[in-house]
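Just so it is clear, none of the values below were taken in a lab; they were calculated from the coordinates. This is a predicted model, so every value here is computed, not measured. Reconstructed Cβ throughout: ideal geometry from the backbone, glycine too, with neighbour counts over all protein chains shown.
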Amino acid sequence: MSTSGGLTFTVTRNPDALSADRRTELMAQPVFGRVATDHMVIVRYTEERGWHDAQVKARGPIQLDPSAAVLHYAQEIFEGLKAFPTEDGGAAVFRPEANARRFQKSAERMGMPELPESIFLESVDRLVKIDRDWIPRIEGGSLYLRPFMIASEAFLGVKPASEYLYMVIAAPVGSYFSGGTVSVWVSETYTRAAPGGTGAAKCGGNYAASLLAQAEAKKNDCDQVVFLDAVHHRFVEEMGGMNIFFVFDDGSIRTPPLSGTILPGITRETLLTIARERGLDVREEPYAIEDWVADAQSGHLVECFACGTAAAVTPIGKIRMASGEYTIGSGSSSGQIASSLKQALLDVQRGKVEDRHGWVHKIF
Ligand SMILES: *Cc1c(COP(=O)(O)O)cnc(C)c1O
């Protein structure tokens, strides 16, 4: 037992935790998000009592009344972060305070209660500790953590709910994409977020709205979809769940600015910091689709990559849209800047280089 923000976590170990052999088997080739660990965290909120009843317990189904607000009006937010194995046999989480703060901002936008940072941090800490044997100690492996909050009040009226569940689940993961480059489909039909909307909040609704565009990308033989701004249908915003960077032949790097319609990625911000410290010419400026196409064709654009917690840094080799297909750089292998930024990111996340920013939160 311990307290966090005045809250006491009770811990009940899963009596049916998987055997070491079965766990090893499941963790050999983890497909992203398919394998569940033995435990979860659940904390309740009501307007009268605030946050209470914090538990670490066996992972399993939860009960919701069919009129629970989340099932009807999508009042839901989530986070994604990773616990990385460290060389001393321990584990560290990367910038969890940034996730805790973003979770609060998402909550505010969705009319949900703010979860104190201390509860967020302790919930992550406790789950990583109790499921420590689920951290894959393989090349590229990590334990993906998924904190989320749902409106659980049973009531069909439209208003912010008065009851919520905050939970954390975990999944051992390998690398999200298997090396090489990905191709992206530029959606000229669908947009992800409009000014004044929920684009900067990490909410499930944004993803629901992006799935058809993602399916369209697959239909066009592309791995991922990239969205343009909702006003001009011109400026590159981001992918369905990753931010995007461009590297030019003059050595400059560009990423779209946080305009309120883009999710403020922690990986994006980390890479901006690393690139600026290296003295690179880094710009947060809009980039129009016609320039992207022209620069890819002229060779002015030499690299392009996507970034996010799940996929780290993923080079983009091709863009495709109704007007045609355009290759970036070699098309098939990562550019130099993407590779070196990726390495720098992985090294700091795994505790291989000095952490000068206080980004690495050692758990054990
Ligand atoms: C989570 C997310 C990202 C990436 O954010 P990170 O903090 O870097 O993981 C980018 N775009 C969207 C839409 C997201 O939901």
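Candidates Ala296, Pro160, Ser340 compared by Cα position along the dipole of the chain: farthest toward the positive end lies Pro160, with charges placed on Cβ. Please name whichever of Ile244, Met112, Gly351 sits farthest to the positive end of the charge dipole of the chain, dipole taken about the Cα centre and charges placed at Cβ: Lys and Arg +1, Asp and Glu -1. With unit charges placed on the Cβ atoms, the residue in question is Gly351.
When each of the peptides 185-191, 93-99, 134-140, 11-17 is scored by the mean number of other C-beta atoms lying within 10 Å of its residues, the order from highest to lowest reads 93-99, 185-191, 134-140, 11-17. For a test of the definition: using alpha carbon positions, the gyration tensor, and the 1.5 limit on a/c, classify the stretch 201-273 as rounded, prolate or oblate. Prolate, because a/c is 1.5 or more and a/b exceeds b/c.
Enclosing the Cα atoms of the stretch 2-173 in their convex hull gives a volume equal to 120 cubic angstrom per residue. Shown here are the Rg and Dmax of the Cα trace of the chain, at 20.9, 62 Å. Taking only the C-alpha atoms of the stretch 182-349, Rg followed by Dmax gives 14.7, 41 Å.
If you line up the long axis of helix 96-109 against the longest principal axis of the chain, both from Cα atoms, how many degrees apart are they, to the nearest 10? The angle comes out at about 90 degrees. Evaluated with a Cβ-only charge set (Lys, Arg +1; Asp, Glu -1), the stretch 245-364 carries a dipole of roughly 540 debye about its Cα centre, given to the nearest 20.
Local charge for Glu47 was computed over the other residues whose Cβ lies under 12 Å away, with Lys and Arg +1 and Asp and Glu -1, and equals 0. Helix 266-277 and the longest principal axis of the Cα set of the chain meet at an angle near 50°. Rounded to the nearest 10 degrees, the angle from helix 336-349 to the longest Cα principal axis of the chain is 20 degrees. With springs connecting C-alpha atoms under 10 Å apart, model the chain as a Gaussian network and identify which of Arg59, Arg22, Arg283 has the largest mean-square fluctuation. Judging by the Gaussian network model, the answer is Arg22. Taking the Cα centre of the chain as reference, the dipole from Cβ charges on Lys and Arg (+1) and Asp and Glu (-1) amounts to some 620 debye.
Shape call for the stretch 121-236 from the C-alpha gyration tensor, a ≥ b ≥ c root eigenvalues: rounded (a/c under 1.5), prolate (a/b greater than b/c) or oblate? Oblate. Overall, the stretch 48-182 carries a charge dipole of about 200 debye about its Cα centre when +1 sits on the Cβ of Lys and Arg and -1 on the Cβ of Asp and Glu, all other atoms neutral. Of all the options Glu269, Glu285, Glu277, the one that moves most in a Gaussian network model of the chain with Cα springs shorter than 10 angstrom is Glu277. Considering only Pro315, Pro257, Pro61, the Gaussian network model of the chain with Cα springs below 10 Å gives its largest mean-square fluctuation to Pro61.
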